[in-house]
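The values are calculated or read from the model by the stated rules, or taken from the named source; none is laboratory data. All values derive from a computational prediction rather than experimental measurement. Heads up, the Cβs are rebuilt from the backbone with ideal geometry, glycines too, and the neighbour counts pull from every protein chain shown. These area figures cover heavy atoms from the full protein model, side chains too; ligands, DNA and RNA do not enter into them. Shrake-Rupley method; radii C 1.70, N 1.55, O 1.52, S 1.80 Å.
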Amino acid sequence: MLGGVADLILPRYCAGCGEPGAVLCGRCRTLLAAPPTRVFPNVAVHAPVFALGPYADAHRGVILAMKERKNLAVRRHVGAVIGAAVEFLEVRGDLPDVDVLVPAPTRAASARERGGDPVQAVCQASGRATVPALELDPRTADQSELDEAGRRANLAGAVRVTATPAGNVVVVDDVVTTGATLGASVAGLLAHGVRVVGCLTLAEA
């Protein structure tokens, strides 16, 4: 009953498409449940990269809802999607048994503006062990406004490894565009002896 009263006061809208009714509508749940596929970003990433779909429709909507609209409720649902995707890749043989998820680094200022780092939140909601082992130099610029060369230059020496998780590690991010963030993240972890077996993103732009 309390949930119904809350919906009358603060009506819910689907984070994927904006339709009223639920945190995620049935159509968007179906789109997000599509199995991950291998993608090949322009920047070399020394681990296989998988994405759950293109940066469009439900995938784009959910990412913007988490990052720009501070939609905290949808993070739990996206976490379940990430957990299912990792299991799918294990069962299909694309990844060995995964021990730890490592969220891709984000600027501390951006995380504060978003009510916490959404990528770290969805990793923690996936049911998988999560170690936030990466951070960005606070002087790093916002990647969204940069081209491929600018993204590479921006991240050169900017990704710091703060922990070295044991076992098979998968790096998780929201969107892979050029691959610069994943490339720098994986390179840093490998240099510290971490066994990175793959990367997983919600979408490919």
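Note on the range 120-136: residues that are of a type outside the set (A, V, I, L, M), surrounded by fewer than 21 Cβ atoms within 10 Å (Cβ to Cβ) and out of contact with any Pro (no Cβ under 9 Å at 6 or more places or on another chain) total 2. Within the range 26-53, restricting attention to residues that are within 16 Å of I82 (Cβ to Cβ) and part of a helix (DSSP H, G or I), which residue is most open to solvent (accessible area, probe 1.4 Å)? Per the criteria, the residue is R29.
In a residue-by-residue description of the range 94-109, the property of being under 24 Å from A187 (Cβ atoms), open to solvent by 60 Å² or more (accessible area, probe 1.4 Å) and among the hydroxyl-bearing types (S, T, Y) applies to no position. Looking across the range 68-85, the residues that are open to solvent by less than 70 Å² (accessible area, probe 1.4 Å) and either β-branched (V, I, T) or over 30 Å from A191 (Cα atoms) (or both) come down to N71, A73, V74, R75, H77, V78, A80, V81, I82.
Within the range 155-172, the set of residues being open to solvent by 20 Å² or more (accessible area, probe 1.4 Å), among the aliphatic types (A, V, I, L, M) and modelled with pLDDT under 95 comprises A156, V159. Within the range 54-97, take every residue that is assigned to a loop (DSSP other than H, G, I, E, B) and of a type in the set (D, E) and give me the one that is modelled with the lowest pLDDT. Among residues in the range 54-97 that are assigned to a loop (DSSP other than H, G, I, E, B) and of a type in the set (D, E), the one modelled with the lowest pLDDT is E68.
The residue pairs whose first member lies in the range 178-205 and is without any contact (Cβ under 8 Å) to a residue 40 or more places away in the chain, whose second member is among the basic types (K, R) and open to solvent by 20 Å² or more (accessible area, probe 1.4 Å), and whose beta carbons are closer than 7 Å, counting only pairs six or more residues apart or on different chains, do not exist in this structure.
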